[in-house]
Every structure is written in C-alpha cells, then in structure tokens.
Amino acid sequence: MVTPRIAVSIDIGTAKVCTLVVEHGADGAARLLGSGIARSRGVSKGAIVEVQAAAAAVADSVAMAENDSGYTIGSATLGLSGGRTYGLRSSGWVNLSPGAPIGRREIERASESARDAALPPGKEILHVLPLNYSIDGGSPVKDPTGMSGLRLDLDAHVVAVDGDALQSALDVLESVGVKPDVIVLQPLASAYAVLTREEREHGVVLVEIGGGTTDVAVFIEGAVCHTIAIPLGGASITNDLAVVLEVSTEVGERLKLGDDAAPGASFPMNAGRRLDEVEYDQDAEDDGDYIFMDFKLAREVVDARVKEIFTMIQTDLRRSGYDEMIAAGVVLTGGGSRLNGLQERVSEILGTPVRVGAPTGLTGRGQVVHSPEYAAAVGLTMWSSGPPSVPVRDIQESPETRGVVLRAAGWFREFLLP
C-alpha cells in the first residue's frame, strides 16, 4: 500500500513569507494540511538583506504552518526569487555504450556537462533546464530514455543565481532549523501551479509579479527557454501612489488593489463619483477627517509603472526573438496580478492574449488554494511529485558558498503536468 507523502514549501518573498504543508495522496490528489503566512522582513527586491530579520519572519511562518497542520517541519522545498538571476544557453554531451539504452545516469551526465558554461563572477548554477536532446547528431528529441547510440547531446537553458543571495537563503533556513531539500526558482515553481500543458507547448510567457520583483519565464514547446527578472513589482506601484498622492504606503496599497477598506478607491473607475476626486479616510483612528485625492492622477501613476514594467518585458522578448513564438500569450500570477484592470492593460501593451493564473491541483481550505499570490508556494509543493526526468541540485558543502547547490540529489520534472 502506498502511503501519503507530505510536501512542505517555504516561499520567501519581499512582501510575505508563506509556508505550506501539503499531503500528496496515493491517488495523486494533493490536499492542503496547513499554512503559515507572515509579513516578510529583511528582504528587498527579492533578495535577503538582513539574515536575522528574514529568519525571524520565516520562523513565524513555519510555526504557524506547524500549528495549523499538526506536522513538525524538518525540511522543505525553498523558493528563490529571480531578482538576481542570470540565464544563458548551454550544451552538454556524453559518450554512450554501444547498444545500451539511455537511462537516468546518461541524462544526468549530459546535464552535468552542460554546467560547464561560463558564468559571470559570483554566480552559481541553480537549474539546467533541457530544451532538447539529440543522438549521434540526429533530429532533436524531448526524451531520449530507452534509445541508444554512441553520443548523447543536450541543448539546455541554464539558470544561475547570485551566490551570496543563495547563501543568505540557506543561512536563514539553517537558523530556523529547516533543511532545504531542493531550491527552486520561484517563477518555475509558479508554472507548476498555473500553466496548462497546452500553454507550455504552444508558447507562453509566465509573468509573476511579486512585491519587489517581476519574474518572467518563457516556455516554448513545453520547455523553459528564457528567464529574466525585473527589479520592479507591486511594491513599486504602492510606493509611487504613496509619494505622488502624499499618503501612507498602507493607503497606497489599498488604493492600488481597490480594497473595500479604502472607500471610493477602486481602479480603473469609480462609479458614482467624479473621476478627478476620491474621498478617503486616511486614518480610521483619526478624528474622521477626509482627504481628497486626484483620482485621475492616481490612475496615471499606476498606469505609468505598469507600462514601464511590461515595456521592459516586451523589449526583452523582442531582443530574444521569442515575441513571435508565444501563441498562448501571457499568464499573470503573483500578488501584483490582482491589480484591477491589469489583464486588459497588459494585453494592450503587449498585443497578445492575457489571463490571470491562479493555482490549480490543490484542494483544501482557505484562500491559499486559489489565490494567484500563492502560486509559487503551491507550485513548490508539487515540484518533486510525478515521474522523474531531469536532475536538479541538492545542498553540499563547498569552499565558495558553504552549501550551494552542487550535487544532483533529486530529479527535476519536465513541465508536462496532466
């Protein structure tokens, strides 16, 4: 009898830390057992800048998840923001034994060979993502398992991260007594939770709008072929509103999202009020005085930052040549995707179909199951499920980073969900 498997994820973001405990049943169903969501501290633009402060936030999140699930957390899959990533094309190869079928060991050796790519100083390889294989110079194949020949070649997209940022994340987990099973780039984890097989095959751009960064992953013919990170996110819009309208960041956040707690502040239009004014009680504990905001200006502030972020994405897609290969369009996820009217505005800017992606494949209670802002955390719990195919890296001592991902320990699933 197959026993249920428990998967734990920890997603350390600029705005929040989310810890999930999920049970993967023998029937393949995934059920949320508990969650812990804490306000993030010590993180700026996706990177940990104060280890102790970040560790305290992670400890709070882990404790809440343990109390909620009744499960003691000893290890977890860790999500790493794309704020300091570097993507490049690489190739690897391995000689084969004549007549012997290609198996896991040969694929792993080809992947290991692809890790010899030249990197900028201070970068460490996190993922080797296969694009395709070929045998003896033949036509590309997606999965060479069981085939035979004399030489196996691999064409791959390599994702490298800032070594210091990676080490800081490891230090945080170590300080709270949690072992990192696998470290995963957040937008790749989000892809597990929000993208369909058809979207990945036809060509799609996943845009995860976090608090401090906007992470992008391009999928062509089912494989990750391009990744970028933009150091702007939802917090940028909030701060813009706070500065221009001279309000607190809390008020700016409520205005941005059209929160019910911010009367008359919903974007892009507020029926029943003049478009040039918004009435808002800035401090509920104050004497009840109201301030009047220039609603037209607020809309312009939000639109300017949205246009900046997605124009940067558009420029990169054109430069990389993938802008004409994304038949499935763009999928938005992350907390910033909740911005009212964003889907339509992005479609105008990029000239392509756009949808907002919420997590699927997980049952249970609470908003975590269905909210885009938890896509990465949900995807991380799915990372190691399903049939294995391509290796990822585990943690091992090294003189440079004292625990960077250097030895293969698990198997990275191809992006082919049911």
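The values are calculated or read from the model by the stated rules, or taken from the named source; none is laboratory data. Since we're looking at a predicted model, the values are computed, not measured. Positions of Cβ are backbone-derived with ideal geometry, glycine not excepted, and every protein chain shown enters the neighbour counts.
A residue that is within 23 Å of Gly210 (Cα to Cα), outside any strand (DSSP E or B), modelled with pLDDT under 90 and among the hydroxyl-bearing types (Ser, Thr, Tyr) cannot be found anywhere in segment 84-93.
Do we find that Asp27 is at pLDDT 95 or above, of a type in the set (D, E, K, R) and more than 17 Å from the chain's Cα centre (by Cα) in this structure? Against the criterion (at pLDDT 95 or above, of a type in the set (D, E, K, R) and more than 17 Å from the chain's Cα centre (by Cα)), Asp27 does not qualify. Asn67 meets each of the listed conditions (1) surrounded by fewer than 23 Cβ atoms within 10 Å (Cβ to Cβ); (2) under 20 Å from the mean Cα position of the chain (by Cα); (3) at pLDDT 95 or above apart from (2). Of the helices (runs of 4 or more DSSP H) lying entirely inside segment 183-251, those containing at least 1 residues that are in contact (Cβ under 8 Å) with a residue 24 or more places away in the chain and closer than 20 Å to Val306 by Cβ span 186-194, 234-245. Among the conditions (1) under 27 Å from Thr360 (Cα atoms); (2) free of Cβ contacts under 8 Å to residues at least 12 places away in the same chain; (3) in a helix (DSSP H, G or I), the only one that Asp27 does not satisfy is (3). Scoring Asp27 on the criteria (1) farther than 21 Å from Thr214 by Cβ; (2) surrounded by 19 or more Cβ atoms within 10 Å (Cβ to Cβ); (3) of a type outside the set (Lys, Arg) leaves a single failure, condition (2).
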